[in-house]
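Bear in mind these aren't lab numbers, they're just calculated from the coordinates by the rules spelled out. No experiment lies behind these values; they were computed from the predicted model shown. Positions of Cβ are backbone-derived with ideal geometry, glycine not excepted, and every protein chain shown enters the neighbour counts.
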Amino acid sequence: MTNPETDRLPVRTKLAFGIGSAAETIALLSVSSFAILFYNQVLGVPAHLAGLAVSASLVFDAMSDPIVGSWSDRTRSRLGRRHLYMYAAPIPIGLSLYAIFNPPDGLDQTGLLIWFGVAVILLRQAMTFFHTPHLALGAELSPNYTERSKVMAYNSFFVWVGGAFTTTIALRIFFPSTPEYPRGILNPEPWPTFALAMSIAAVAALFASAWFTRDRIPFLPQRAAETPGFSVREFGRDIAKALSNINYVWLLVAYFFLSMMLGLREGLRMYTNTFYWGFNSEQLSLFIIGSFAGYLTAFVFAPRLHGKIDKKNTIIISGLIYCIVPMIPLGLGLMGVLSQSTPYLLPIVIAFATVAYASVAVLQISVMSALADIADQNELRYGIRQEGILYSTRAFAAKMDQAIGAALAGFVITMINFPAKAVPGQVPAHVMFNLALWDGILASIPGLIAIVFYAQYRIDRNSYEATKLALTEHRATARAAVVAEQQGRIPGGSPQPAE
């Protein structure tokens, strides 16, 4: 086995870590992209109520994230701090995902809403026990400034893999266009088998990620013997330590606003592509080309950008691009330049989507890598590794804001009077105008606010190297003290008499 303190990680390890991100995406994208549309357009539940159900699940999930993060940080077991939870989570995830798309027959709207809300809450709670330790594991795999960026690049690329798999399987296999349903996504029949397939795929990939990263356990940071176990008191202290780092606070606040934009766009995207642009299932599936090109670009260039212009500048530039580029085609649509009759409309929209995918992937890789650098700062200051609490508290802010975004998306659909069980081509023009306005322009406002806060981040490569050097010296001193104690003496002193 290689030692990540001195050698680069094997590609096999990075692949295994990435597979876990693909599985998370399969489960969560099935909900975020398809569930509201399923309950609204197929089952007839009001969109704003379906959005509130998703929001409620995110609120509960956000509250549990820091608890699981602190708990895993302070876990000591033969499976290390993270894998114990990663093995326990997959089966509950699969069962709850299947339940979301298989409500019992005979439920009225209230019953459907309750079923949806409870099932999606259970899914996200189960996912927390994998997602938070998994992200923390990624930050721990390497202490190297650019190698940890590569780990997060694998994470981001496999997010694409999971999304591409989910979207392609859904639109090409389960919801193809038929004479009865030209927009196959509105066909009520395939949803149960779609849910079963996604559940099996997610469970298999989650177990694979945990199993094929288990050989790294001996090299991962372990809970120090003197570190107390998890308790309410220690949990509060962990939160306080995380929030005492001003660089972490800037990233946290920025991600809060960024997630509002992401949540709103995620909730409206399927409506926009299906009804505003008029794409059918086969055309929607071709967006995989743009997403592949975008995420592959980020996978290759994000670590290089960190070496050339550092992480902070990469975050700011990629964030600005993501705020602006998705507005352009919808802005052109509002001005009448683009419409459903425009020649080559699909490749035009896919081209803009490619740039958007690349920019948001670079942004996410950069922020995730920056969080690992913050973990080094906090270890130097407090003597404890806090990857779990740092990533989970960041997830707390993101999910709270995604809850707002999901609820807002549902309210937007209701506010603009978008009809339930709508027929493409028969939605009033003013409704389509408002849909494009919200998805294209208004959704970018919180993202621009996020950029202002990202600009306050202060860790660069020079400060990282200084922290790493001090941390190496601190660890060496601590190891020397432990060895001296085991030998019955203190450094620089005389051996202590045997008792």
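Dipole magnitude for the chain: computed about the Cα centre from +1 point charges on Lys and Arg Cβ and -1 point charges on Asp and Glu Cβ, it is near 820 debye. Our note on the geometry: Cα centres of segment 240-287 and segment 292-353, 14 Å apart.
Taking the square roots of 5 times each eigenvalue of the Cα gyration tensor of segment 90-146, largest first, gives ellipsoid semi-axes of 35, 9, 7 Å. Counting only lysines at least 8 places from K14 when in the same chain, those with an alpha carbon closer than 25 Å to its own are K150, K308, K311, K312, K468. Compared with the dominant Cα axis of the chain, that is its longest principal axis, helix 11-37 is turned about 40°.
The chymotrypsin sites (Phe, Trp or Tyr not before Pro) of segment 280-353 that meet both conditions, a loop assignment by DSSP and at most 12 other Cβ atoms within 10 Å of the site Cβ, are Y344. By definition, a body whose alpha carbon gyration tensor gives a ≥ b ≥ c is oblate when a/c is 1.5 or more and a/b is not larger than b/c, and segment 207-284 fits this oblate description. Across segment 1-104, the relative contact order, built from alpha-carbon pairs under 8 Å that are at least six residues apart, equals 18 percent. Estimated purely from DSSP H runs of n ≥ 4, each contributing -39500 (n - 2.57), the mean residue ellipticity at 222 nm for the chain is -24500 deg cm²/dmol once divided by its residues.
Within the shell defined by Cβ-Cβ distances under 12 Å, the residues around S244 carry a net charge of +2, with Lys and Arg each +1 and Asp and Glu each -1.
Applying 1/(1 + (r/R0)^6) with R0 = 22 Å to the Cβ-Cβ distance of T110 and N417 gives a FRET efficiency near 0.50.
Once the Cα atoms of helix 429-440 and of the chain are each reduced to a long axis, what angle between those two axes, in degrees from 0 to 90 to the nearest 10, is obtained? So the inclination is approximately 10 degrees.
Need one number: convex hull volume per residue for segment 30-115, Cα atoms only, in Å³.
Convex hull of Cα atoms, per residue: 98 Å³.
Take the Cα pairs of segment 294-389, get the Kirkwood Rh, then feed it into Stokes-Einstein at 20 °C and 1.002 mPa s and tell me D in µm²/s. My calculation gives 140 µm²/s for D. When Rg and the Kirkwood radius Rh are both evaluated on Cα atoms of the chain, their ratio Rg/Rh stands at 1.01. Between helix 90-100 and the chain there is an angle of about 20 degrees, using the helix long axis and the longest principal axis of the Cα atoms. Using 7 Å Cα-to-Cβ label points, what is the L442/V11 separation (nm, one decimal)? Distance between label points: 4.8 nm. Comparing Cα centroids, segment 105-130 and segment 178-223 end up 18 angstrom apart. Rounded, prolate or oblate: which fits segment 82-203, taking a ≥ b ≥ c as square roots of the Cα gyration tensor eigenvalues, rounded meaning a/c under 1.5, else prolate when a/b beats b/c? Taking the square roots of the gyration eigenvalues as a ≥ b ≥ c, segment 82-203 is oblate.
Add +1 for every Lys or Arg and -1 for every Asp or Glu among the other residues with Cβ under 9 Å from the Cβ of D460, and state the total.
Result for the local shell: +3.
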